[in-house]
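Following: one structure in structure tokens, then a few remarks.
The values are calculated or read from the model by the stated rules, or taken from the named source; none is laboratory data. Here the structure is a predicted model, which is why all the values come from computation and not from measurement. Every residue, glycine as well, gets a Cβ built from its backbone with ideal geometry; the counts of neighbours run over all protein chains shown. These accessible areas exclude ligands, DNA and RNA; they are computed on the full protein's heavy atoms, side chains included. Shrake-Rupley method; radii C 1.70, N 1.55, O 1.52, S 1.80 Å.
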Amino acid sequence: APILEELEYRGLLFNIFRMQGYSNFYSGLISSLSFGIAHFRHFFDKTYTPAKRNTIFFQVFYTSFFGFYACYIYTVSNTIVSPIIMHGLCNWFSLPMFGYRNDPSVSKTQKYIIHMLYICGITLFILSLIFYR
């Protein structure tokens with residue numbers, strides 16, 4: 001999925017809008033919103049539980065945000081390989097799970113380490129936005 005989706009939304013759609021004279025910002029906005037809306041199809045997925053269907057709107061939001069960031073990485077790196085790798089890693093790692101916070105089998109030390117890793121990840125993400133040029 002990461003290869004095909006990045007080729008479609010960044011390699012084709014994003015570039016089509018740029019060739020039509022739209023700025024990188026608007027091209028990224030249009031292609032990332034299209035990317036996010038395409039994930040709405042999961043609402044009709046029979047394997048999704050009702051609880052998981054309730055998260056679809058959140059999924060559309062964060063996939064749109066991810067798509068915009070992927071456009072940024074694509075523009076800065078000037079290669080489609082970078083967003084493909086990033087997309088694959090994001091799919092592999094998924095969203096953070098916070099259920100461990102109420103799990104009595106997870107020690108306070110483990111919870112502290114997990115929190116620090118989340119903070120480091122968010123910090124590195126922000127730094128990559130600032131310094132990745």
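Quick notes on this structure:
- Checked against the criteria, Ile37 does not count as in a helix (DSSP H, G or I), under 17 Å from Thr79 (Cα atoms), open to solvent by 70 Å² or more (accessible area, probe 1.4 Å) and at pLDDT 85 or above.
Per-residue answers, yes or no, for (1) at pLDDT 85 or above; (2) surrounded by 12 or more Cβ atoms within 10 Å (Cβ to Cβ); (3) of a type in the set (Gly, Ala, Ser); (4) part of a loop (DSSP other than H, G, I, E, B):
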position	(1), (2), (3), (4)
Phe68	yes, yes, no, no
Thr75	yes, yes, no, no
Ile84	yes, yes, no, no
Met97	no, no, no, yes
Pro104	yes, no, no, yes
Tyr112	yes, no, no, no
Leu124	no, no, no, no
Arg133	no, no, no, yes
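- Pairs, first in contact (Cβ under 8 Å) with a residue 12 or more places away in the chain in the stretch 97-110, second assigned to a loop (DSSP other than H, G, I, E, B), C-beta under 7 Å, six or more apart: Tyr100/Val106
- Filtered by the rule that a residue be open to solvent by 40 Å² or more (accessible area, probe 1.4 Å) and either closer than 12 Å to Ser34 by Cα or modelled with pLDDT under 95 (or both), the stretch 13-23 gives a lone residue, Leu13.
- Any chance Ile30 is at pLDDT below 95 and under 14 Å from Phe68 (Cα atoms): no
- Some residue of the stretch 86-93 being farther than 23 Å from Tyr26 by Cα, small (Gly, Ala, Ser) and open to solvent by less than 50 Å² (accessible area, probe 1.4 Å): yes
- Selection within the stretch 86-95 - among the small types (Gly, Ala, Ser) and part of a helix (DSSP H, G or I): Gly88
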